[in-house]
Amino acid sequence: MDYIGVTFKSKTGVFDWDILVAFLGELGYDNFEETDSELIAYIQEGKFDARKIDNVLSKKIKNMDIWYNYETISDRNWNEVWESNYDAVVIADRCMIRAPFHKADDRMEFDIVIEPQMSFGTAHHETTSMMIEYILEAELIGKSILDMGCGTGVLGILASRKGAKEIEAIDNDEWAYKNSAANIKKNHIENMIVKKGDANSIKNKYDIIFANINLNILISDMSIYANALMDGGIIYFSGFYQADLKKLNEEAENNKLRLVNFKEKQNWTAAQFKKIF
C-alpha cells in the first residue's frame, strides 16, 4: 500500500501543529511526525487531494504562513521509521505503551506492546492518552466494550487487561484493521475481535463504548453510538477541541447522553457521557 507524505513547514519557524493535525485527521490523514518547525502527515495515496489541503490552509488556518510539498512513499517497513522516533509512553505511572524494541518496566501494572506501523494510537497524542486515563479509572470487569475507530487497538487491549468480558474493535482503515489484529495477537488477547468498517458495522449493544475519532464523525454517528449503548451505559468521546465540547454535548443530549465529566490536555478534550433512560 503506497502512502503520500505531505511535509508542512512554517516560515516563522516554531509552530503549534495541533490545529492543523485536527483538520488533516478529518481529511483521512492517519499518522503524523512533527517537530517545532515541521509536520509530516501521511495518507493513503487514493485518498490524497491537494485541493483539500489548499482549502484548509486558505480558509481554516489563515495568516499562518505555512507551505507544503508532498511525495509518494512506496510500501515499506514502517516499523523502521517508527523505531527512529518512537518513545515508550507511561500513563498515570501504571501503564506503559511500548514498541517491541523497548524494555519492559516491572514497576508497571499494565504493559502493552504496540507495533504502530501507520495506525493511530500509540498514546503519544493527547486524545489517546486521555482515553487511557479514563480506562485506568473505570471499572471494566465483566463489561462488554466497543472500541470505535480502534487504530492500533490499544484501548481495547487495555480494557481486556482490566477485566472486560468481551471487546469489539472497528476501524474503517485497512491498515488499522490489520495492525489491530496483529497487536491483539502480540499481547495475547483472546476476548477481542476486530472488524473493518464504519459506524454502520455496529450490530450489538455494549456496556461501554470508546470513540476516539474526530468531531464531525462523532456528531454524525452519535445516534448510532447511543442506540448501541445499554441503558445506563457509559461512552467516552475524544478527538476534538475544548471549544467544541458544547457542540458535541448538544448532540449528545439529543440522544439521551448526559455529560458526566471531561479531561483536557493541550486544548484537546476527552469526555465521559452516560446514557439516561
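The values are calculated or read from the model by the stated rules, or taken from the named source; none is laboratory data. Quick caveat, the model's predicted, so the values are computed rather than measured. Please note: Cβ atoms are built from the backbone with ideal geometry, for glycine as well, and neighbour counts cover all protein chains shown. Heads up: the accessible areas ignore ligands, DNA and RNA and are worked out on the full protein's heavy atoms, side chains in. Shrake-Rupley method; radii C 1.70, N 1.55, O 1.52, S 1.80 Å.
Points worth noting:
- From the list Ile170, Ile219, the one residue that fits, being buried (at least 17 other Cβ atoms within 10 Å of the Cβ) and closer than 21 Å to Leu158 by Cα, is Ile170.
- For the stretch 160-195, a residue qualifies if it is part of a loop (DSSP other than H, G, I, E, B), without any contact (Cβ under 8 Å) to a residue 60 or more places away in the chain and among the acidic types (Asp, Glu), and exactly one does: Glu190.
- In the stretch 196-211, the residues that are assigned to a strand (DSSP E or B) and open to solvent by 20 Å² or more (accessible area, probe 1.4 Å): Lys196, Asp207
- Tallying residues that are under 18 Å from Glu137 (Cβ atoms), touching a residue at least 24 places away in the same chain (Cβ under 8 Å) and over 17 Å from the mean Cα position of the chain (by Cα) within the stretch 239-277 yields 3.
- Set Lys274, Lys263: member being modelled with pLDDT of 95 or more, open to solvent by 10 Å² or more (accessible area, probe 1.4 Å), touching a Lys or Arg at 6+ places or on another chain (Cβ under 7 Å) and charged (D, E, K, R): Lys274
- Any chance Ala226 is part of a helix (DSSP H, G or I) and open to solvent by less than 20 Å² (accessible area, probe 1.4 Å): yes
- Odd one out for Asp65, checked against (1) modelled with pLDDT of 90 or more; (2) more than 20 Å from the chain's Cα centre (by Cα): (1)
- When Tyr236 is tested against the conditions (1) farther than 24 Å from Ser144 by Cα; (2) touching a residue at least 24 places away in the same chain (Cβ under 8 Å); (3) not acidic (Asp, Glu), the lone failure is (1).
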